[in-house]
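Enquirer: Following this message is one structure expressed as structure tokens.
Just so you know, all these numbers are worked out from the coordinates, no wet-lab data involved. Since we're looking at a predicted model, the values are computed, not measured. All Cβ positions, glycine included, derive from the backbone under ideal geometry; neighbour counts span all protein chains shown.
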Amino acid sequence: MRAELRFTLNGAAVEAFVQPQARLLDVLRDTLGATGTKEGCSEGECGACTVLIDGRAVASCLFPALEAEGKRVVTVEGLRQDNGDPSAVQRAFIDKGGVQCGFCTPGMVMATTALLAENPAPTDDEIRAGLVGNLCRCTGYVQIIDAVKQAAGELATKERS
Amino acid sequence: MTDAAYHRPTTLDAALALKRDEPSARFIAGGTDLLVQLRKRKVAPAPLISLRNIPELCGVSVEDEAIRIGATTSLAELLRHEVIRRELRALGHALWTLASQQIRNVGTLGGNLCNASPAADTAPPLLAFDAAVELAGPKSRRTLPLASFLAGPGKTQLAAGELLSCVVVPRPPRGTQSAFLRQGRVAMDLSLASVAAFICIEDDRKAPVVRLAAGAVGPVPMRLRNAEATLVGRPLDAAALVAAAEAAAAEVSPINDLRSSANYRRRLVRVLCERALRQALGDKEIHHEG
Ligand SMILES: Cc1cc2nc3c(=O)[nH]c(=O)nc-3n(C[C@H](O)[C@H](O)[C@H](O)COP(=O)(O)OP(=O)(O)OC[C@H]3O[C@@H](n4cnc5c(N)ncnc54)[C@H](O)[C@@H]3O)c2cc1C
Ligand code: FES
Ligand code: FES
């Protein structure tokens, strides 16, 4: 038995036939070929699978695909700017060395994007609280926090100009 | 992955009818507990009835006497709600330290209570605020105090075919302060112990009302009635808070598990209880001896 599912993925309308209890993560990766979103723990703990749904960060490993019906889903593939450049958040992770093996990065970048949309000037504690659901085994987090601060600063400058 | 169905009713009546026709089906709200349990095979595969697309179950309404919270209101929405942050501070504290933005955005208040974990972080504050739950079944509706709804680890008073529709929190009177403190091993871990304190000092002539509750230190989140009793008719000075904290530590029944020993949990209750009372009173009024 398959169910029909339609939603917007990174701005484009998509359609898929999915098992009724399929996870959004599997539909993104296996059905739609959007493999930027990673699977780590499969239990909501690590954040590697973070995507935005109607602007809010969710763990796609715990999200029934059918609940995405009619919603706007954004994955790491959808963050780049119109001219193809990386977003301010992506740029900051590169500049500050917030990426080592890169496995956590798509989730980190999505969670940071959601965090800054809700709180454009977070304190260090607010950054830690905002990213508490994203684990990184490589960086030790210091560079990630630096990256979030750089991105916040850049977005604030853009806002002013 | 199963081929089992995933239903998305859009009214409460339709959800109840689906459950009546398919008693083996399970309700799912945010799924942040249930989908993990299904994946770990702690729960057998089953058809799922989603409660997420039912407007009458979702949202906060602030009335004169009570704040009504629809069961499927997300934890994140509650945390953003201005009246909740202002009047139900202890609940706000609990939401702030509960899981991550990813989980709070989909996890619901009803799911946290119906999952009935002894460590459910929204329960101690709601017990301290003397909240009630409204249950909807195929034939009738009923209201229970939250304290009697929670029946044991993973157990509630929900009858077959019934669901939780709304959590009703009485508006705290003016002069109310509240606080919630928890201790986990690391961020994002379940609480080892938690304490919520509610203190209402309406005016100087009236005796203060104090309610205390604890989580993760018994089969269900519980009111700390003995600790509350020690404070009746007594000025809320430093010695009183210590006595209450000691009574709290004596009345909880924590277990040993892989997260911590029972003994450590009991000590945590003493410390958290005193600190939560102190925080609710506003540190300035209390002086620490030594
Ligand atoms: C990584 C991670 C960290 C977490 N950390 C915490 C934490 O720190 N503190 C904490 O308390 N919790 C924590 N949780 C648990 C969970 O997120 C919460 O309990 C959440 O509120 C559950 O809500 P839900 O809507 O996702 O429930 P669901 O998973 O949808 O449902 C849970 C159970 O309740 C039933 N149910 C749900 N809604 C209703 C209803 N309205 N009527 C009848 N039955 C219903 C379901 O059938 C199911 O059995 C964590 C979870 C994860 C994955
Ligand atoms: S894979 Fe989803 S949170 Fe780890
Ligand atoms: S960069 Fe390797 S896990 Fe974060």
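Enquirer: Using modelled backbone amide H atoms (1.01 Å from N, in-plane), which distant-in-sequence or interchain residues come within less than 5 Å of B:Ala5's amide H?
Expert: So B:Ala5 has HN proximity to B:Leu48.
Enquirer: Give me the inter-chain shielding for A:125-136: mean count of other chain Cβ atoms within 10 Å, whole number please.
Expert: Numbers: counts 0, 0, 0, 1, 5, 2, 3, 9, 9, 4, 1, 0.
Per residue, the number of nearby Cβ atoms from other chains is 3 on average.
Enquirer: Could you work out the helix-only [θ] at 222 nm for chain B, with each DSSP H run of four or more residues adding -39,500 (n - 2.57) and the total divided by the number of residues, to the nearest 500 deg cm²/dmol?
Expert: That calculation yields -9000 deg cm²/dmol at 222 nm.
Enquirer: Take B:Ala160 and B:Glu56, extend 7 Å from each Cα along the Cα→Cβ direction, and tell me the distance between the two endpoints in nm.
Expert: 2.4
Enquirer: Which FRET efficiency value, to the nearest 0.05, is calculated for B:Ala207 and B:Ala187 with the Förster distance at 45 angstrom and r the Cβ-Cβ distance?
Expert: 0.70
Enquirer: To two decimal places, what compactness ratio does chain B give when its Cα radius of gyration is scaled by 2.2 N^0.38 Å?
Expert: Here the Cα radius of gyration is 1.02 times the empirical estimate.
Enquirer: Considering only the other residues whose Cβ falls under 15 Å of the Cβ of B:Ala119, what net charge follows from Lys and Arg at +1 and Asp and Glu at -1?
Expert: Numbers: positive: B:Lys155, B:Arg182, B:Arg185, B:Arg259, B:Arg265; negative: B:Asp33, B:Asp121, B:Asp189, B:Asp257.
Local charge sum for B:Ala119: +1.
Enquirer: While we're looking at this one, here's another question. Tell me the Kirkwood hydrodynamic radius of the protein assembly as shown in angstroms, computed as one over the mean inverse distance between distinct C-alpha pairs.
Expert: One decimal place: 23.2 Å for the Kirkwood radius.
Enquirer: Give me the tail of P(r) for the range B:55-170 as a percent: Cα-Cα pairs with distance above 25 Å. Could the numbers behind the result be given before it?
Expert: On the way: 922 of 6670 pairs.
Roughly 14 percent, rounded to a whole number.
Enquirer: Report the gain in length on full extension from A:Gln100 to A:Asp85: 0.36 nm times residue separation, minus Cα-Cα distance, nm rounded to one decimal.
Expert: Value of the extension gain: 3.4 nm.
Enquirer: If I stretch the segment between B:Ser140 and B:Asn226 completely, what's the gain in nm (0.36 nm per residue apart, minus their alpha carbon distance), one decimal?
Expert: Gain on extension, B:Ser140 to B:Asn226, equals 27.4 nm.
Enquirer: Between B:Asp13 and A:Ala13, what FRET efficiency follows from the Cβ-Cβ distance if R0 is 25 Å, with the result rounded to 0.05?
Expert: 0.15
Enquirer: While we're here: From other protein chains only, count the Cβ atoms within 10 Å of every residue's Cβ in B:102-113, then give the mean. Could you put the intermediate results ahead of the total?
Expert: On the way: counts 22, 9, 4, 11, 10, 2, 0, 0, 0, 0, 0, 0.
Partner-chain Cβ atoms within 10 Å, mean over residues of B:102-113: 5.
Enquirer: Would you compute the Debye intensity of the range B:187-238 from its alpha-carbon atoms alone, equal scatterers and no solvent, and pass along log10 I(q)/I(0) at q = 0.13, 0.15, 0.19, 0.21 Å⁻¹ to two decimals?
Expert: At q = 0.13, 0.15, 0.19, 0.21 Å⁻¹ the computed log10 ratios are -0.40, -0.51, -0.71, -0.80.
Enquirer: Please give, to one decimal in nm, the separation of the simple spin-label points placed at B:Glu63 and B:Arg39, each 7 Å out from Cα toward the Cβ.
Expert: That separation, rounded to one decimal, is 3.9 nm.
Enquirer: Add +1 for every Lys or Arg and -1 for every Asp or Glu among the other residues with Cβ under 13 Å from the Cβ of B:Lys139, and state the total.
Expert: Values: positive: B:Lys19, B:Arg20, B:Arg141, B:Arg142; negative: B:Asp13, B:Glu162.
Surrounding charge for B:Lys139 is +2.
Enquirer: Additional query: Please compute, for peptide A:61-69, the average count of beta-carbon atoms on other protein chains lying within 10 Å of each residue's beta-carbon.
Expert: Counting other chains' Cβ atoms within 10 Å and averaging over A:61-69 gives 6.
Enquirer: What lysines could a cross-link reach from B:Lys139, if we take a straight Cα to Cα line under 16 Å and drop same-chain neighbours fewer than 8 places away?
Expert: Result set, ordered by chain and number: B:Lys19.
Enquirer: Multiply the residue separation of B:Ala262 and B:Ala239 by 0.36 nm, subtract the distance between their alpha-carbon atoms, and state the gained length in nm to one decimal.
Expert: Once the chain is fully extended between B:Ala262 and B:Ala239, it gains 5.7 nm.
Enquirer: Sorting check: for B:205-212, A:104-111, B:224-231, which peptide has the highest mean count of neighbouring beta carbons within 10 Å, and how do the rest follow?
Expert: A:104-111, B:224-231, B:205-212
Enquirer: Over all directions, what mean area does the Cα convex hull of the range A:3-78 project, stated in square nanometres? Numbers along the way, then the final one.
Expert: Numbers: hull surface 16.7 nm².
Averaging across all directions leaves 4.2 nm² for the Cα convex hull.
Enquirer: Computed from the mean reciprocal separation of all distinct C-alpha pairs, what Kirkwood hydrodynamic radius does the range A:43-128 have, in Å?
Expert: Mean inverse Cα-Cα distance, inverted, gives 13.7 Å.
Enquirer: Of the listed peptides B:115-124, B:141-150, what is their order by residue-averaged count of other C-beta atoms within 10 Å, with the highest listed first? Numbers along the way, then the final one.
Expert: Details: B:115-124: 24.3, B:141-150: 16.2.
Ranking the peptides B:115-124, B:141-150 by packing returns B:115-124, B:141-150.
Enquirer: Still on this structure, please answer the following. Determine the sum of side-chain charges near B:Leu34: Lys and Arg each +1, Asp and Glu each -1, restricted to other residues whose C-beta is under 14 angstrom from that of B:Leu34.
Expert: With Lys, Arg at +1 and Asp, Glu at -1, the neighbours total +4.
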